[in-house]
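The values are calculated or read from the model by the stated rules, or taken from the named source; none is laboratory data. Fair warning: this is a prediction, and the values are worked out from it, not measured in the lab. Because the Cβ atoms are built from the backbone with ideal geometry, glycine has one as well, and the counts that use them run over all protein chains shown. The accessibility values were calculated without ligands, DNA or RNA, using every heavy atom of the protein model including side chains. Shrake-Rupley method; radii C 1.70, N 1.55, O 1.52, S 1.80 Å.
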Amino acid sequence: MKTVKSRAYFKKALAVLPGGVNSPVRAFRAVGGNPLFIQRAKGAKLYDVDGNEYVDYVLSWGPMILGHAHPAVVKALKRAVELGTSFGAPSPLEVELAGMITKLYPSMQKMRMVSSGTEATMSAIRAARGFTGRDLIVKFEGCYHGHADGLLVKAGSGAATFGVPDSPGVPQDYAKLTLTLPFNDIKAFRSVMRRDGKKIAGVIVEPVVGNIGCVLPVPGFLASLREETERCGAVLIFDEVMTGFRVALGGAQQQYGIVPDLTCLGKVIGGGLPVGAYGGKREIMANISPEGPVYQAGTLSGNPVAMTAGIETLKILRNPQTYRKLEKTMQELEDGLKDAARKAGVATRFYRAGTMFCTYFTDVDVVDYGTAKTADTARFGRFFLKMLEQGIYLAPSQFEAGFLSCAHTGADIAKTVRAAFTAFRAVR
Ligand code: KE4
């Protein structure tokens, strides 16, 4: 596989961008090798600057659920751009997209558009603190909610103590307002909420954890979050930036039947353009400026071009045929990958929720951050590079989810499964 031009671009990029990238995970640090520079994308395919073609299971980390450059989205965007790219004033499009979202996510009675998932979760946390007048936040180990200071926190010494910074630049005084607990540990959560519940402003969770691969909630876990937050007046925040439209059309909250107080969305609702949203109970969102005193703002929030991409994407997603086709293709992929690992004699664990999935190189059931970390990351790295060589583009980290699109064909799945068998055998 020729990658001369990618290497040349990477050399140039290293001179002007930290690590040569605009987002760390793209740098291939977790798998070795150099990142590929992508020229264009269409359907389920990526094409790099050296002309190599790949079946894409990253899909821009989730947004491209229709596939790249979907004709209906491209057509609508061309028209939208000619009408002006940003008004800094309300437009009918943001009302239309919000209306479509609230139909699919009824818990989002009122919402605010922002320009990223990070902005959505950061603002939801501020809304929870503003609504309750409390400061403390609970999150779960392995869950990533974007890079806002208060969320870049790891567990303090001893699981039930408040956090320490997970990155330089996050003040200690800030980190200690966040308590990190083990995901799926109902007992630990209930005991902390019994102890500190009246001081907790909000509990934020990825209802299916996509940022350590794909970790499903055990029966009763999400319900325990709902019960305890209800009991002590804390705000339950579902971070569905990734799970939204992935786990199901109506997200994890539809799939698991839990109604959060606030929901954060991103990725799919932008259809590939920068959009995030947070929203939920009217009485909480009524506090958001200018209706209420909790300040939050954004130059490009509700941008007409980005709204157009989101509207066109949701129009296609809400057709029942769409998810039936996605589920059929996803089942084929799941069966094929499991079969390939078994035939190659490699111990793996495969998990999926809707069309987000992960193959862990471990023989341990993965239920949380600790068990996810039993995966052999070096072996995953070799597997990743072997798949790339064969024209299959996976997420460049064992601890990231893979995604499927409506554009993936039976031929793409067959090619992927054949390549996986070869790659599993190569890393046996
Ligand atoms: P953004 O600020 O990257 O739009 O969204 C942050 C975010 C919030 N919540 C969840 C559950 C997320 O998965 C994310 C971002 N996901 C990562 C993938 N693990 C984006 C890829 C990247 O950081 O480059």
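Quick rundown of the values:
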read-out: Restricting the stretch 181-225 to residues that are small (Gly, Ala, Ser) and farther than 27 Å from Gly250 by Cβ, the residue that is nearest to the chain's Cα centre (by Cα); value: Ala188
read-out: Unmet requirement for Ala378, which otherwise passes all of (1) within 29 Å of Phe37 (Cα to Cα); (2) open to solvent by less than 20 Å² (accessible area, probe 1.4 Å); (3) among the aliphatic types (A, V, I, L, M); value: (2)
read-out: Asp48 vs. criteria under 24 Å from Thr409 (Cβ atoms), among the acidic types (Asp, Glu) and within 20 Å of the chain's Cα centre (by Cα); value: no
read-out: Hits in the stretch 407-428 (condition: closer than 25 Å to Val215 by Cβ and out of contact with any helix residue (DSSP H, G or I) (no Cβ under 6 Å at 6 or more places or on another chain)); value: Thr416
read-out: Residue list for the stretch 190-217, restricted to those being of a type in the set (Asp, Glu) and either within 16 Å of the ligand (Cβ to nearest atom) or modelled with pLDDT under 95 (or both); value: Glu206
read-out: Members of the stretch 382-405 found to be under 24 Å from Val215 (Cα atoms), over 18 Å from the mean Cα position of the chain (by Cα) and not basic (Lys, Arg), listed by number; value: Phe383, Phe384, Leu385, Met387, Ile392
read-out: Selection status of Val55, touching a strand residue (DSSP E or B) at 6+ places or on another chain (Cβ under 6 Å), hydrophobic (A, V, I, L, M, F, W, C) and in the same structural domain as Phe403 (by TED's automatic domain parsing); value: yes
read-out: Search result, residues across the stretch 112-127 that are in contact with a Leu (Cβ under 8 Å, 6 or more places away or on another chain), under 25 Å from Ile316 (Cβ atoms) and not small (Gly, Ala, Ser); value: Met113
read-out: Residue ID - most open to solvent (accessible area, probe 1.4 Å), chosen from residues in the stretch 397-423 that are assigned to a helix (DSSP H, G or I) and either of a type in the set (D, E, K, R) or within 16 Å of the ligand (Cβ to nearest atom) (or both); value: Arg418
read-out: Residue satisfying all of: in the stretch 14-25; open to solvent by 30 Å² or more (accessible area, probe 1.4 Å) and touching a Phe, Trp or Tyr at 6+ places or on another chain (Cβ under 9 Å); nearest to Met1 (Cα to Cα) among these; value: Val25
read-out: Options Gly354, Gly391, Gly370; residue that is small (Gly, Ala, Ser), open to solvent by 10 Å² or more (accessible area, probe 1.4 Å) and in contact with a helix residue (DSSP H, G or I) (Cβ under 8 Å, 6 or more places away or on another chain); value: Gly354
read-out: Flag for Gly345 being touching a residue at least 40 places away in the same chain (Cβ under 8 Å), more than 27 Å from Met64 (Cα to Cα) and surrounded by fewer than 22 Cβ atoms within 10 Å (Cβ to Cβ); value: yes
read-out: In the stretch 113-137, residue farthest from Thr180 (Cα to Cα) [restricted to those that are open to solvent by less than 10 Å² (accessible area, probe 1.4 Å) and more than 19 Å from the chain's Cα centre (by Cα)]; value: Ala127
